[in-house]
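The values are calculated or read from the model by the stated rules, or taken from the named source; none is laboratory data. Quick caveat, the model's predicted, so the values are computed rather than measured. Ideal geometry is used to build each Cβ from the backbone, glycine not excepted, and the neighbour counts take in all protein chains shown. Quick note on the areas: whole protein, heavy atoms, side chains included, nothing else; ligands and nucleic acids left out. Shrake-Rupley method; radii C 1.70, N 1.55, O 1.52, S 1.80 Å.
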Amino acid sequence: MDFRIMAFQTIGILGGAFDPIHRDHLRIAECALRSNFCDQVWLVPSPDRDDKSPKASAEHRLQMLRIACDGRSGIEVCDLEITWGYRGTLAFLDQCARVFPQKQFRLIIGADSYPRIPGWICGDELLRRYSLIVFPRRGYAMPDPLEHQAKGYASCFWCRLGGEEPPGVLASSQLRERLWTDVQSREALPQGVWNYIAKHRLYVAVQKDRSDDFT
């Protein structure tokens, strides 16, 4: 899809390895849209980088994302960070702002990651220049809005899940270890994603490594 011709003005950026994508990822995106904090959510898979090396290739992760997002209004797959290379979140947002000057970008992030942002590459500058959409995470407190504002940071929007359990039970790392032996883990994937994983024999080595730990 050509992102340049889309009419949406406010874009929520949800980044991650998506290795593989699971239902909590989609819940987060849907919450941001339902709360009217953005007009569209772009799911941005990360390339290989020094601190994170995905088990599945970028192309496989992109294909799984496309399968998961098929037919979901307002949620799009964005391969720009893979194309541009990883230079940090602020650099990515700045590049998006230059390429798409008609759009406003907001970063979607969990309450567990929020306290770590100042330690990111130019993290403090990111907080000053870009708004956040923060979603709850099981076991983590939400940021204090007054404290956030007092530091001179850009606006921050808090997702409310209503009566739903906050994300935090599902983790891609745990799913990778169980997919080939546990039906419930496969049910945590969006429809069609397990069929793709099975067809391409993804994460089989992860399962084997886990089995070797117990021999």
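Taking all pairs of different Cα atoms in the stretch 1-115, averaging 1/r and flipping that mean, what Kirkwood radius in angstroms comes out? Each step should come with its number before you reach the end.
Numbers: mean 1/r = 0.0692 Å⁻¹.
For the stretch 1-115, inverting the mean 1/r across all distinct Cα pairs yields 14.4 Å.
With both partners inside the chain, how many of the DSSP beta bridges are antiparallel, as a percent to the nearest 5? Each step should come with its number before you reach the end.
Values: 1 of 22 bridges.
Percentage antiparallel, nearest 5: 5.
If each of Arg98 and Asp182 carries a label point 7 Å out from its Cα toward its Cβ, how far apart are those two points in nm?
Taking the two extended label points, one gets 4.4 nm.
Once the dipole of the chain is set up with Lys and Arg at +1 and Asp and Glu at -1 on Cβ about the Cα centre, which of Ala150, Leu93, Val206 lies farthest towards its positive end?
Of the candidates, Leu93 comes out farthest on the positive side.
Report Ser73's accessible area, 1.4 Å probe, all protein chains in place, as a number in Å² to the nearest 10.
110
Please give the per residue accessible area of the chain, computed with a probe of 1.4 Å over protein heavy atoms only, in Å². Working shown, then result.
On the way: 11060 Å² over 215 residues.
Averaged over the residues of the chain, the accessible area is 51 Å².
Using amide H atoms built in the peptide plane, which far-off residues or other-chain residues are under 5 Å from Ile11 H to H?
Hits under the 5 Å cutoff: Asp39, Gln104, Phe105, Arg106.
Taking the 0 to 90 degree range and rounding to the nearest ten, how far is the long axis of helix 58-69 tilted relative to the main principal axis of the chain, both from C-alpha atoms?
80
Pull up all non-local amide H partners of Gly110: gap of 5 or more, or a different chain, and H-to-H distance under 5 Å with H placed in the peptide plane.
Residues meeting the criterion, in which the H sits 1.01 Å from N, are Phe135.
Separation between the Arg116 and Ala205 pseudo-spin-labels, each 7 Å from Cα along Cα→Cβ, expressed in nm?
Distance between label points: 2.4 nm.
How big is the charge dipole of the chain about its Cα centre, in debye rounded to the nearest 20, if each Lys and Arg gets +1 on its Cβ and each Asp and Glu gets -1 on its Cβ?
Details: 28 positive and 27 negative charges, 49 e Å.
Once rounded to the nearest 20, the dipole reads 240 debye.
Using every alpha carbon pair in the chain, what percent of pairs falls into each 5 Å bin from 0 up to the bin containing the largest distance?
Spelled out per bin, shortest first, that is 1, 7, 14, 18, 20, 17, 12, 7, 3, 1, 0, 0.
Quick one: pull the percent of accessible area on the chain belonging to carbon and sulfur, 1.4 Å probe, ligands and nucleic acids left out. Intermediate values should be presented prior to the final figure.
Details: 5310 of 11060 Å².
Reported share for carbon and sulfur atoms: 48 percent.
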